[in-house]
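Remarks on the structure that follows.
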Amino acid sequence: MEAYFDNSATTKVLDEVKDIVVKVMTEDYGNPSAKHKKGMEAEQYVRQAAAEVAKTLKVKEKEILFTSGGTESNNMALVGTAMANMRAGKHIITTRIEHASVYNPMAFLEQQGFEVTYLPVDSEGHISLEELKASLRPDTILVSVMYVNNEVGAVEPVEEIASIVHSTVPGAVFHVDAIQGYGKFRIRPKSQGIDLLSVSAHKIHGPKGVGFLYIDEKVKIKPILLGGGQQRGMRSGTENVPGIAGLGVAAREAYRDFDEKIARITDLKDYLIDSLNSLEGVTINSQKGSAGAPQIVSASFAGVRSEVLLHALEDKGIYVSSGSACSSNHPAISGTLRAIGVKNELLDSTLRFSFGLFNTREEIDYCVRVLGETVPVLRRYSRG
């Protein structure tokens, strides 16, 4: 049996997505900037995808900017906004549990003379709204908080954060990295007070190498890619039309029968948590039910190194990740696990299981059975 539990790293594309990507690559392959019929057909795919995405968020099509994925969306949101608003101030706020594609642009901005405040989180991975309030200043131009943490599935109170940010510093821009949240929650940027929203297609059964950034029409932001002036001058470079078309289909499908899908994935998450709790020496770092994201379970296995366990599971056809799979393969102790107060001896013993549309309870039963057999053996080895 094979069980793929690494859907927060990437997902299998839907057949409908694959079909449209291949069609655009092989039949409707024009450059959307070209003036002839082939170009116009290609441009139509880009418009259609913008319409599909905008519909899922209840925003305007012109507020959707296609990118090469989550990392570019986050870089554009942070660097583009900081550069466009630096006259108003140079203070930025984020959290200690962000993805590297937020952390590293923040480090870059610090080198450019911006000041960044990193908010701590509690044991469940949530920021304190009081600390946020206390950190806001008249020169705060940007606040960036992820919707769902990619390692433990903590869900941040984005609406309350937006309300505090906009009422305290009306000119500040609120960015949300929703790469693990889009397709798992109904997101309404306008009513939730979100100014910028980053999304990646390959987390929602879409193709790799494409994503989008929602930019509220009132936001002042500069492009970070300069060239031929595509996408209204905001993101130069020939559009990845096959990828964009695939993203449009994946976005539409993510919100079709939405409640049913999320109930199913949440059920799988809770079933795994209950099953893991029956094993000795397992600590769950994620919340059951709607207290956490529907698709992520972080679990620590005392006395076993995560990388050793990961490969032992791989030998049995079970695929999981240790920490986040989105940085290169260099093993590093997770800043998120440290931030939520995971015990030192468990930091290097933690795996992430993440679900998608294709997972089943049978796969979970198989996985837990293998863990029950494997973990005690690995513990004996590590003690020896």
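Is the shape of segment 206-252 rounded, prolate or oblate, going by the alpha carbon gyration tensor and its root eigenvalues a ≥ b ≥ c, with a/c under 1.5 for rounded and a/b larger than b/c for prolate? Oblate, since a/c reaches 1.5 and b/c is not below a/b. Zone of Ala291 (label point 7 Å along Cα→Cβ, backbone N under 14 Å): which residues in segment 141-181? Residues passing the 14 Å test: 153-155. For the residue pairs Lys190/Lys269; Lys38/Lys58; Lys55/Lys190; Lys58/Lys222, alpha carbon separations beyond 20 Å are given by Lys190/Lys269; Lys38/Lys58; Lys58/Lys222. May I ask you to derive the FRET efficiency for Met1 and Ala302 from their Cβ-Cβ distance with R0 = 30 Å, giving the value to the nearest 0.05? Calculated transfer efficiency: 0.70. Note on Lys62 and Tyr271: with the Förster distance fixed at 45 Å, the Cβ-Cβ geometry gives a FRET efficiency of about 0.60. Entry note, the chain: the mean residue ellipticity at 222 nm calculated from DSSP H runs of n ≥ 4, each adding -39500 (n - 2.57), is -12000 deg cm²/dmol after division by the residues and rounding to the nearest 500. Restriction of the trypsin sites (Lys or Arg not before Pro) in segment 238-328 to DSSP coil positions whose beta-carbon has at most 12 other beta-carbons within 10 angstrom yields Arg256.
Average projection, convex hull of the Cα set of segment 15-254: 12.4 square nanometres.
Pairs of Cα atoms nearer than 8 Å and 6+ residues apart set the relative contact order; for segment 15-254 it is 29 percent.
Quick note: the coordinates plus some simple rules give every number you see, no bench work behind them. From a predicted model like this one, the values you see are computed outputs, not experimental measurements. In this analysis, Cβ positions are derived from the backbone assuming ideal geometry, glycine residues included, and neighbour counts consider all displayed protein chains.
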